[in-house]
Amino acid sequence: MTKTDLIIIGGGPGGYGAAGYAARLGLDVIVIEQASVGGTCLNVGCIPTKTWSHEADILRARRTADPTATIDFQRVRRRQQEVIEQLRNGVETLLSAPSIRLVKGKAHFIDAHTVATDEETFEAKHIIIATGSEAKMPPIAITDTQRVMTSTELLAIDHVPESLVIIGAGVIGMEFASIFQTFGSKVTVIEYLKECLPTLDSDIAKRLRKSMEKRGIDFHMQAGVTAITANGVTFERKGKQQTVSAEAILIATGRKPCLENLRLEAAGIAFTAKGITVDEQMRTSCQGIYAIGDVNGQTMLAHAASMQAIIAVNNILGRTDHIDLSIMPSAIFTYPEAASVGLSEDFCEAKGMEYTCRKGFFRANGKAMAMEETEGMVKLIADSDGKVVGCHAFGAHSADMIQEISSLMCMGVTIEQLRDMVHIHPTLGEILHDTSMIS
Ligand code: FAD
């Protein structure tokens with residue numbers, strides 16, 4: 001039996017973030033990881049997809065000079081691997097600190113203070129579960145499994161498929177749709193709901209979808225997939241059945257927490273199908289045990305996992321912090337990009353809130369014109385006291401613009417105060433300032 005201060009199960013952004021932070025604050029840490037460090041984010045999530053979306057941006061830029069330009073997919077794959085390996089080396093270096101031990105293996109609970117792999121047993125007063133999530137398969141009859149992939153398999157594909165059907169118009173589905181359309185695939189998206197990206201302001205989401213439609217992506221909204229066979233994907237829309245054939249089919253219908261094999265019952269840790277139940281400090285129902293990141297099902301984003309890691313370690317050490325997880329910016333790296341933080345206009349309306357909504361457009365902005373990126377819109381939401389409570393946007397570099405509003409929301413800034421803040425000219429950030437000036 002090996003004793004330590006803190007055991008962390010999972011070496012993704014939640015797990016390695018918690019390990020690095022806890023070690024800096026003086027704890028001895030054991031991280032148990034069954035696969036490669038870096039987790040979903042680094043190996044099969046944020047990093048490879050953003051490497052591909054960057055390649056798509058470059059290809060689009062090249063096409064302005066040469067409309068016949070095509071993608072060298074083998075080069076893209078090599079670069080994807082290089083980026084992953086470089087970042088993975090960085091995480092391995094972080095986890096090689098003297099007070100951290102990285103153990104390879106699949107961990108499960110023996111009791112509330114004991115965790116084991118096949119080879120070794122570990123004991124600690126504090127345990128953080130950071131086992132992440134995996135693709136959730138919909139209850140569809142699938143008779144042709146060869147062409148059906150999750151995002152993980154699609155990221156390992158060795159060529160650009162001629163045609164790609166994507167089931168699900170959430171963040172992952174939309175990002176891959178945008179990337180593969182640019183790479184040259186014929187892309188079809190089938191979605192059960194009325195609109196894509198349900199957490200985004202519906203006006204912004206619709207404009208983004210229309211923009212992607214204009215570029216050649218077929219969307220079938222309010223369509224329920226009934227079967228995947230050798231003939232293709234069959235779906236029902238408004239009582240009519242249709243089948244779309246495709247070389248590759250991506251299932252992007254959401255993700256579920258990785259709970260299997262952990263034997264949570266052995267430690268008495270409460271969980272639901274959505275994830276491990278936690279309070280605001282990331283504490284589970286079992287004293288001394290925390291659950292952070294995708295596995296608690298609160299917000300499946302890498303930066304949420306990283307910040308929850310800090311909260312959990314602070315709680316272990318009795319430190320206070322002022323992290324406000326309700327202000328959680330997020331981005332969709334499609335073309336055009338979209339991003340949001342805080343309340344949407346739909347939410348304010350549905351709750352009957354008193355609010356103001358100011359709309360700004362990229363087409364009036366000098367930098368956007370210079371960049372030939374005039375498509376885009378910002379919605380800035382304030383409450384009845386004028387406090388900024390949300391911002392939803394689509395257009396070039398929306399994520400960076402939303403980051404500014406996110407920081408201002410953390411400081412409780414009002415529209416009046418935003419008006420008094422100087423913005424560099426010419427920048428896309430001026431769109432935010434101009435929008436705040438609307439009375
Ligand atoms: P993970 O990163 O999933 O890490 C969990 C780790 O635990 C894994 O390495 C796993 O092997 C290990 N593990 C599991 N069970 C055990 C066990 N029993 N014993 C030992 N080890 C175990 N988020 C963003 O913020 N921005 C993006 O742009 C973005 N893009 C994405 C694109 C895709 C295609 C996908 C799939 C996800 C994307 N995400 C993005 C989400 C992001 O990847 C996750 O939110 C993030 O990785 C969660 O971090 P985590 O530490 O909770 O879990």
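Observations, loosely collected:
- Cα centre as origin, Lys/Arg/Asp/Glu Cβ charges: the chain dipole, Debye: 680 debye
- Nonpolar atom fraction for the chain, defined as the carbon and sulfur part of the 1.4 Å probe accessible area, stands at 51 percent.
- In Hz, Karplus ³J(HN,Hα) per residue of region 415-428 (6.51, -1.76, 1.60; θ = phi - 60°; x = Gly, Pro): 4, 4, 5, 4, 4, 7, 9, 6, 10, 5, 10, x, 9, 5
- Among A169, A223, A266, the largest mean-square fluctuation in a Gaussian network model of the chain (Cα springs under 10 Å) belongs to A266.
- Cα pair distances exceeding 20 angstrom across region 223-363, given as percent: 67 percent
- Region 262-334: C-alpha gyration tensor shape, a/c 1.5 cut-off, then a/b vs b/c: oblate
- For region 153-158, Karplus couplings with θ = phi - 60° (6.51, -1.76, 1.60), whole Hz, Gly/Pro x: 5, 5, 5, 9, 5, 9
- Using a cutoff of 8 angstrom between alpha carbon atoms and counting only pairs six or more residues apart, the relative contact order for region 39-107 works out to 33 percent.
- Within the chain, helix-based [θ] at 222 nm, where runs of 4 or more DSSP H residues each add -39,500 (n - 2.57), nearest 500: -10000 deg cm²/dmol
- What the Cβ-Cβ distance of R88 and D279 gives, at R0 = 41 Å and to the nearest 0.05, is a FRET efficiency of 0.80.
- For the peptides 107-117, 5-15, residues were scored by their other Cβ atoms within 10 Å and the scores averaged per peptide; the highest-first order is 5-15, 107-117.
- From most to least packed by mean Cβ count within 10 Å, the peptides 351-362, 157-168, 57-68 give 157-168, 351-362, 57-68.
- Pairs of alpha carbons in region 10-126 whose separation is greater than 26 Å (percent): 37 percent
- Model label zone, A69; criterion: amide N under 19 Å from point 7 Å along Cα-to-beta-carbon; scope region 152-166: 160
- Anisotropy class of region 313-439 from Cα gyration tensor, a/c 1.5 cut: prolate
- Taking 7 Å steps out from each Cα toward its Cβ at T143 and R263 produces label points 4.2 nm apart.
- Rounded to the nearest 10 Å², the accessible area of L343 at probe 1.4 Å: 50 Å²
- Measuring nothing but how far apart in sequence close Cα pairs (under 8 Å, 6+ apart) lie, relative to its length, region 168-327 scores a relative contact order of 14 percent.
- Our Cα-only numbers for the chain put the radius of gyration and Dmax at 22.9, 66 Å.
- DSSP beta bridge pairing in the chain, given as percent antiparallel to the nearest 5: 55 percent
- Three-way shape label, region 141-253, alpha-carbon gyration tensor, a/c 1.5: oblate
- Most to least packed among 127-139, 188-200 [average Cβ atoms within 10 Å]: 127-139, 188-200
- Within region 216-234: backbone nitrogen closer than 15 Å to the S163 label point (7 Å, Cα to C-beta): 217-220, 228-234
- Here the scattering of region 97-147 is modelled by Debye summation over its C-alpha atoms, one equal scatterer each and no solvent; at q = 0.18 Å⁻¹ the log10 of I(q)/I(0) is -0.73.
- ³J(HN,Hα), Karplus 6.51/-1.76/1.60, whole Hz, each residue of region 364-370, x for Gly, Pro: 8, 9, x, 5, 4, 5, 4
- The distance separating the Cα centre of region 77-128 from that of region 211-257 comes to 38 Å.
- Based on protein heavy atoms only, the chain ends up with 46 Å² per residue of surface accessible to a 1.4 Å probe.
- Entries of K194/K256; K214/K359; K210/K387; K194/K274; K194/K214 with Cα pairs more than 21 Å apart: K194/K256; K214/K359; K210/K387; K194/K274
- Amide H contacts for C258 (H built 1.01 Å from N in the peptide plane; partners 5 or more residues away or on another chain; cut-off under 5 Å): G132, S133, E134.
- Remark on S285: its backbone amide H falls under 5 Å from those of A270, a criterion applied only to residues 5 or more positions apart or on other chains, H modelled at 1.01 Å from N.
- Here's how it looks for A396: its modeled amide H is under 5 Å from those of E337, which are all 5 or more places away or on a different chain.
The values are calculated or read from the model by the stated rules, or taken from the named source; none is laboratory data. Not measured: the values here are computed from a predicted model. Counting neighbours? That spans all protein chains shown, and the Cβs are built from the backbone with ideal geometry, glycine included. Heavy atoms of the whole protein, side chains included, go into the accessibility calculation; ligands, DNA and RNA do not. Shrake-Rupley method; radii C 1.70, N 1.55, O 1.52, S 1.80 Å.
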